[in-house]
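Remarks on the structure that follows.
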Amino acid sequence: MWGGRFASGPSALMEEINASIDIDRRLADEDIRGSKAHAEMLVATGILSAEDGAAIAQGLDRVAAEIAEGSFPFSRALEDIHMNIEARLSELIGPAAGRLHTARSRNDQVATDFRLWTRAAVARLDGQVRDLQGALIDQAERHAATILPGFTHLQAAQPVTFGHHLLAYVEMLGRDRGRLADAGRRLNECPLGAGALAGTTWPIDRHMTAAALGFDRPCANSLDAVSSRDFVLEVLAAGTILALTLSRLAEEIVLWVSAQFRFVDLPHDLTTGSSMMPQKRNPDAAELVRAKVGRVLGALTTLATVMKGLPLAYSKDMQEDKEPLFGAVDTLDLCLTAMTGMIAGMTVNETACRAAAGIGHTTATDLADHCARVLGMPFRQAHEVAGKLVARAEGLGVDVSQLALDDLKAVAPDLDESALAVLDVTHAVEARTSFGGTAPANVAAQVAEARARFLG
Ligand code: ARG
């Protein structure tokens, strides 16, 4: 394709380091779509005859069919997907194939293909995150009033509802979707027609190809069009944050299914056994979701390092952009599918959750609030009183909620029966009706609101 000024072909070593076909063959559909749009534009602008345009379109359809049925002769000697397809087109339709590359370079071609691929990947990921939100919202609805301990520092803090806890992830995932959507919007400009770097002397219509390929507009600057991969970095950054969200939920699942928590049970088909310990049922899928964030962050680090300090315009370094994104998207795809399966299939052990919520003096804040509200104490003093009651309970080897009225009066003589009621975990969650709070009534309303906002 470029042999004119060469005395010899590339060495085996050159081919080894240069060929990208094993990776970029995943761009075949996008490459064919881009070429068809380019050829149509060349015909519309009078650069290519209608006959040649029709032959190219038919030939490209044939190539697409060969790729789909697995008979396409991929060749490493032909470097990349662009040259593989053009070479096959030339075998199929003859010299007209050689006119397709008029007013085009592989630099604008690959940038266009990759934006098309990334745009579709972002849309697919969005749908998968949406499915996970749907599974979380369904479980949140089921468990709007299920009580479990909320933690800070992984120490029992205050009782919360399971639904509320799951809806926290729905919010996080909503922002993850927002970041992906932002990246998707910004990347939707078309590099095609930028040529190698400077534009072209041919009277092309870049607006036509941009519209045909579903882009909002052509990239405004030909140098930028072929040199920029920040659109990939953005998706990898958003993907890394998404993977981090998943890893936190995965970690909670790992804790929840342990014998010490028993808050949740996973379906048997999403767990594995031990070759030695007959009792084991391990949450490997959750552990792997927790771990795989490393791959996505690794991809971001890889491409950021590739791009650092690259002068304008195209450098071959940029061929290293695809493997990280393909790998990261595959990883996110798998993690999202596994996580949705785990969330949809998990059963919540309401008895164990509720019992755990009553361990660790989790209603001590309610007692302090009660002293402040009913006895008119400044909150700092009420905190001191409740702290003393916790110490008293510890001394007696009971939870603060198990103290008798006499114990309460020993520290705060003005307290009466009404103080005992606030020590109950059900009271504690039902009373937290502040906006965004954990009360079952709030969760029920938030479930409906989240459905409309994220799934509607
Ligand atoms: N395979 C190349 C890539 O992915 C296509 C662009 C090659 N351009 C060039 N001038 N060698 O970056």
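Scanning region 101-130 for residues that are more than 16 Å from the ligand (Cβ to nearest atom) and either out of contact with any helix residue (DSSP H, G or I) (no Cβ under 7 Å at 6 or more places or on another chain) or touching a residue at least 60 places away in the same chain (Cβ under 8 Å) (or both) yields Thr102, Arg119, Ala120, Ala121, Val122, Ala123, Arg124, Leu125, Gly127, Gln128, Val129, Arg130.
With respect to Lys316, determine if the residue is over 24 Å from the mean Cα position of the chain (by Cα) and under 12 Å from Leu233 (Cα atoms). The answer is no for Lys316.
Taking the listed residues Glu320, Glu350, the one that is surrounded by 14 or more Cβ atoms within 10 Å (Cβ to Cβ) and within 16 Å of the ligand (Cβ to nearest atom) is Glu320, with no other qualifying.
Every condition in (1) within 15 Å of the ligand (Cβ to nearest atom); (2) within 26 Å of Trp117 (Cβ to Cβ); (3) part of a helix (DSSP H, G or I); (4) not hydroxyl-bearing (Ser, Thr, Tyr) holds for Met1 except the one numbered (3).
For region 80-100, enumerate the residues that are crowded, with 22+ Cβ neighbours inside 10 Å, more than 14 Å from the ligand (Cβ to nearest atom) and over 14 Å from His38 (Cβ atoms). Passing the criteria: only Arg88.
Scanning region 304-317 for residues that are assigned to a helix (DSSP H, G or I) and surrounded by 14 or more Cβ atoms within 10 Å (Cβ to Cβ), we see that the one that is farthest from the ligand (Cβ to nearest atom) is Ala304. Among the residues making up region 252-303, those that are among the acidic types (Asp, Glu) and in a helix (DSSP H, G or I) are Glu252, Asp269, Asp284, Glu287. Residues that are closer than 21 Å to Met318 by Cβ, among the β-branched types (Val, Ile, Thr) and within 31 Å of the chain's Cα centre (by Cα) within region 16-61 comprise Ile21, Ile23, listed in sequence order. Among the residues of region 271-286, those identified as surrounded by 16 or more Cβ atoms within 10 Å (Cβ to Cβ) and touching a helix residue (DSSP H, G or I) at 6+ places or on another chain (Cβ under 6 Å) are Pro283, Ala285, Ala286.
Can you name every one of the helices (runs of 4 or more DSSP H) wholly within region 342-416 that holds 2 or more residues which are of a type outside the set (Val, Ile, Thr) and more than 44 Å from the chain's Cα centre (by Cα)?
Because the criterion is at least 2 residues that are of a type outside the set (Val, Ile, Thr) and more than 44 Å from the chain's Cα centre (by Cα), the helices (runs of 4 or more DSSP H) in region 342-416 that meet it are 364-375, 379-396, 405-411.
Counting the residues of region 62-79 that are away from the ligand (no atom under 16 Å from the Cβ), in a helix (DSSP H, G or I) and more than 34 Å from the chain's Cα centre (by Cα) gives 1. What is the number of the single condition among (1) assigned to a helix (DSSP H, G or I); (2) touching a Phe, Trp or Tyr at 6+ places or on another chain (Cβ under 8 Å); (3) away from the ligand (no atom under 15 Å from the Cβ) that Arg26 does not meet? All conditions pass for Arg26, except number (3).
Among the numbered conditions (1) within 21 Å of Arg124 (Cα to Cα); (2) out of contact with any helix residue (DSSP H, G or I) (no Cβ under 9 Å at 6 or more places or on another chain), the only one that Gln155 does not meet is (1). Scanning region 1-27 for residues that are touching a residue at least 60 places away in the same chain (Cβ under 8 Å) and among the aliphatic types (A, V, I, L, M) yields a total of 5. Among the residues making up region 317-352, those that are free of Cβ contacts under 8 Å to residues at least 24 places away in the same chain and under 23 Å from Arg106 (Cβ atoms) are Asp317, Glu320. In the condition set (1) out of contact with any strand residue (DSSP E or B) (no Cβ under 6 Å at 6 or more places or on another chain); (2) over 22 Å from Ala243 (Cα atoms), His143 is compliant with all but (1). The selection criterion, being under 29 Å from the mean Cα position of the chain (by Cα) and within 16 Å of the ligand (Cβ to nearest atom), does not hold for Asp330. Here the condition is being of a type in the set (Val, Ile, Thr) and more than 30 Å from Leu405 (Cα to Cα); of Val374, Val293, it holds for Val293 alone.
For region 188-235, filtered to residues that are β-branched (Val, Ile, Thr) and assigned to a loop (DSSP other than H, G, I, E, B), the residue that is surrounded by the most Cβ atoms within 10 Å (Cβ to Cβ) is Ile204.
Bear in mind these aren't lab numbers, they're just calculated from the coordinates by the rules spelled out. Predicted model only: the values in this text are computed from it and were never measured. Cβ sites come from the backbone with ideal geometry, for glycine too, and all protein chains shown count toward neighbours.
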